[in-house]
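The values are calculated or read from the model by the stated rules, or taken from the named source; none is laboratory data. These numbers come from a predicted model, not from an experiment. Here the Cβ positions follow ideal geometry from the backbone for every residue, glycine too, while neighbour counts run over all protein chains shown. When the accessible area is computed, the model is the full protein with side chains, heavy atoms only, and any ligands, DNA or RNA have been set aside. Shrake-Rupley method; radii C 1.70, N 1.55, O 1.52, S 1.80 Å.
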Amino acid sequence: NYLSIKGTREVQELLGLGVFDFPKPIALIKLITNIITNDEDYILDLFSGSATTAHAVMRLNAEDGGRRSFIMVQLPEPCGEKSEAAQAGFQTICEIGKARIRRAGDQIRTEFPGACPDIGFRVFRVDEGCRKEVLYPPEEISQPLIGQTVSNIREDRTDLDLLYACLLDQGLGIHLPHTSQVIDGCTVHNVDNGALLACFNAKVPTTVVEHMAKEQPLRAVFRDSAFASDADKINVTEIFKNLSPDTQIKVI
């Protein structure tokens, strides 16, 4: 009971109100993590709740210089309509966890200014794939349906959705460093310093393709709409063949 109350107070002090009842205390999770993991392990919490585990891992890294990483998994359970969390603007438990990780990271950076701990994190949610279902029996095909399948990518998908779908498809880690650069009006994504370069703009100009090829990435990805014609697609292949022959080119 004492531990539960302590964990509740820790969240109250961090977020300013009681948005989560009886979370585990940081000291307990930090102790367990320190005992059973090495300083570069991945710590997985399948019922992350208010993200105490993430908080504990970041603090432990700051204290001992470790490079542990955390993976938090939580269903987007809605907060009660009359709860303090809902009144504070949190719609789901996931939002509480994200807010806690951000504020805990800022607090740890302040408390350990010389340690420079990594407090960054990425948020993903499980959803349908980025590609539309385009396989229909002949009797279900209509003129409006044909118009909807001109593009094989769902309309609500962003560049980042496509990028991380490509990483999973290529067997690359979604934790890898990622930068973006705008070249001639097109956004070029660079994952892990050339492990994968991607541009998902429509009608990508030759200058952008040449820039990507000169980087000599291991993989290059484009959308099918990047090419106005088959001739343009062949041209891209030839550019890479001349400037970066070992690059694997993929069109989605």
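A few points about this structure:
- Angle between the chain longest axis and helix 52-64 axis [Cα atoms, degrees, rounded to 10]: 80
- Cα long-axis angle, helix 230-243 against the chain (0 to 90 degrees, to the nearest 10): 70
- For the chain, modelled as a GNM whose springs connect Cα atoms under 10 angstrom apart, the maximal fluctuation among T110, T187, T92 occurs at T110.
- For the chain, the longest principal axis of the Cα atoms and the long axis of helix 159-170 meet at an angle of about 90 degrees.
- Among the trypsin sites (Lys or Arg not before Pro) found in region 150-252, those both in a DSSP coil and sparsely packed, with 13 or fewer other Cβ atoms within 10 Å of their Cβ, are K203.
- A Stokes-Einstein calculation at 20 °C with viscosity 1.002 mPa s, built on the Kirkwood radius of region 55-95 over Cα pairs, returns a diffusion coefficient of 175 µm²/s.
- Distance from region 54-74 to region 207-234 (C-alpha centre basis), Å: 39
- Spatially near lysine pairs across the chain, Cα under 18 Å, sequence gap of 8 or more or different chains: 12
- Cut-off of 10 Å, at most 12 other beta carbons, DSSP loop: longest stretch of the chain lacking such GluC sites (Glu not before Pro): 156-252
- Expressed as a fraction of 2.2 N^0.38 Å, the value expected for a compact globular protein of N residues, the C-alpha radius of gyration of the chain is 1.29.
- Here region 26-87 is treated as an ellipsoid with the same Cα gyration tensor; its semi-axes, largest first and in whole Å, are 27, 12, 9.
- Accessible area of H175 (1.4 Å probe, protein heavy atoms only, ligands and nucleic acids ignored): about 120 Å².
- Annotation: Cα Rg of region 158-252 relative to the compact-globule expectation 2.2 N^0.38 Å equals 0.97.
- The calculated P(r) of region 1-106, using every Cα pair and 5 Å bins from 0, goes 2, 13, 24, 24, 19, 11, 5, 2, 0 in percent.
- Cα-based shape type of region 206-252, given that a ≥ b ≥ c are square roots of the gyration tensor eigenvalues and the cut on a/c is 1.5: prolate
- Choice from V126, V19, V191 showing the highest fluctuation, given a GNM over the chain with Cα pairs closer than 10 Å: V126
- A Förster radius of 51 Å, combined with the Cβ-Cβ distance separating A27 from D127, puts the computed FRET efficiency at roughly 0.90.
- Legend: calculated FRET efficiency, Q12 to T158, from the Cβ-Cβ distance at R0 = 35 Å, rounded to 0.05, equals 0.50.
- Computed label-point distance, nm, for sites Q91 and D39 using a 7 Å Cα→Cβ extension: 4.2
- FRET efficiency estimate (nearest 0.05) - Cβ-Cβ, V73 to I183, R0 51 angstrom: 0.90
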